[in-house]
1. Determine, yes or no, whether Glu373 is in a loop (DSSP other than H, G, I, E, B) and charged (D, E, K, R).
2. Regarding Ser313, is this residue within 18 Å of Cys57 (Cα to Cα), at pLDDT below 95 and either β-branched (Val, Ile, Thr) or out of contact with any His (no Cβ under 7 Å at 6 or more places or on another chain) (or both)?
3. What is the residue count in segment 334-348 for residues that are in a strand (DSSP E or B) and of a type outside the set (Gly, Ala, Ser)?
4. In segment 190-203, how many are buried (at least 24 other Cβ atoms within 10 Å of the Cβ) and part of a helix (DSSP H, G or I)?
5. If we scan segment 42-63, do we find a residue that is out of contact with any Phe, Trp or Tyr (no Cβ under 9 Å at 6 or more places or on another chain) and more than 25 Å from Gly146 (Cα to Cα)?
6. Got a number for residues in segment 275-296 being surrounded by 15 or more Cβ atoms within 10 Å (Cβ to Cβ) and either closer than 25 Å to Val63 by Cβ or of a type in the set (Asp, Glu) (or both)?
7. Please pick out the residue among Ala168, Ala225 that is in a helix (DSSP H, G or I) and either surrounded by fewer than 16 Cβ atoms within 10 Å (Cβ to Cβ) or touching a helix residue (DSSP H, G or I) at 6+ places or on another chain (Cβ under 7 Å) (or both).
Amino acid sequence: MPYHFQHYVLCEMPGTGIIMSEINEAYALAKKAYARLGVDTDQAIEVLKKIKISLHCWQGDDVAGFLFKDQALSGGIQVTGNYPGAATNVQELRQDIEKALTFIPGKHKVNLHAIYADTDEKVDLDQLEPRHFEGWVNWAKQQGLGLDFNPTCFSHPRADSGFTISSADRETRDFWIRHCKKSRKIGEYFGKELGQTCVTNFWFPDGYKDIPVDREAPRQRMKSALDEVFLEEIDTNCNIDAVESKVFGIGTESYVVGSNEFCLGYAVRNNKTVCLDAGHFHPTEVISDKIATVLMFTDQLLLHVSRPVRWDSDHVVIMDDELNHIAQSLVRSKLYERTHIGLDFFDGSINRIAAWVIGSRNMIKALLKALLEPTEELRQLELDGDYTGRLAMLEELKTYPFGAVWDYYCQTMGVPVRESWLAEVKKYENEVLKTRT
């Protein structure tokens, strides 16, 4: 690292008087600029503090988990890259998550898959119990975090046929029904213990590589199986169920059982939550336009914010147009009050902690940027038919000093400002990640 960059990073670290002064001065000017639009930056920050992001644990170890470490990835899931330092056990994964959270402003949640059970027992998915996740709950209490959950319906011998809960084989189908039932109870346990509602999300990789003859029967089997999974009453203050669709996957290019129409219809009819994953639709289709519509017919919504590059490739979230549109959809009608925001990407080609930090900070930045819009003024321009004014204002807002507000927010929340976190991640990589086998 060149000396001038080292010096710049050092100066940008929170706690140096000169930089804190500069940040405060820049924020004061930004506050005045936004105030002229009728936007209270302090109020926007207070709203932002209450919005939680669910940090996906599987970024830390390339979706390997701890129950079946030798099992190859399946279900259309692929992780590329072999950057050093992937977590190899639950202690390392939690250590890495803790480090990432020191760079992310706010108090958030962690999203677990069933294969990340904290246990030395040899236990299969359909035999998992809350006790197998007691270590995670104790850790979450210490960290002040909530937990979300997912049954793991992939990377398992019972999923090798390409079908899980919609399998034509009754024994296979029953196995996944049992696993999903157990997952709901684990989610309810998380909610009760942590005092934060757990979202348990159900996604299945079921489908055909080539064109099927019978498109109905697998969906009938999936519907009946889900009816059985959700038969038992669960305390919705502790756990809510979400169903996640997908348009296609590797190995299911021609037909996916859990299509968008299936999951949306099932959720609306059965009072379940829909999960919209940014990578699970056609390449030119975006979820930002779906948020308000889905919430017209469901009480709550789950988002898996990812970045598809030509397909469901789960790239690290960057602050692109679609991320800003997602945030605007959530903020302009206060739909964030009914939406659970989770991240879902896995990149093994870069530092995994940096991936968490980049993606999370970008999601929060986009929310802040949306919160700094003069929403009522923009809405009135639209109602008045002043589309010229609407377009002009939206374009001018792009160069308003939201970055100064972001820097101030990071400083007040006690996390590094701008890219100063990167030096700390590099230090952690050298001292911790590179020592792992």
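The values are calculated or read from the model by the stated rules, or taken from the named source; none is laboratory data. Owing to the predicted nature of the structure, the values given are computational and were not obtained by experimental measurement. Note: ideal-geometry Cβ built from the backbone for every residue, glycine included; neighbour counts use all protein chains shown.
1. Values: in a loop (DSSP other than H, G, I, E, B): yes; charged (D, E, K, R): yes.
For Glu373, the condition - in a loop (DSSP other than H, G, I, E, B) and charged (D, E, K, R) - is met.
2. yes
3. Selection size over segment 334-348: 4.
4. 2
5. yes
6. Here the count works out to 9.
7. On the way: Ala168 fails: in a helix (DSSP H, G or I).
Residue meeting the stated conditions: Ala225.
Each row is one residue, and each column tells you yes or no for (1) closer than 19 Å to Lys69 by Cα; (2) buried (at least 19 other Cβ atoms within 10 Å of the Cβ).
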position	(1), (2)
Glu92	yes, no
Pro105	no, yes
Ile115	yes, yes
Leu147	no, yes
Pro151	yes, yes
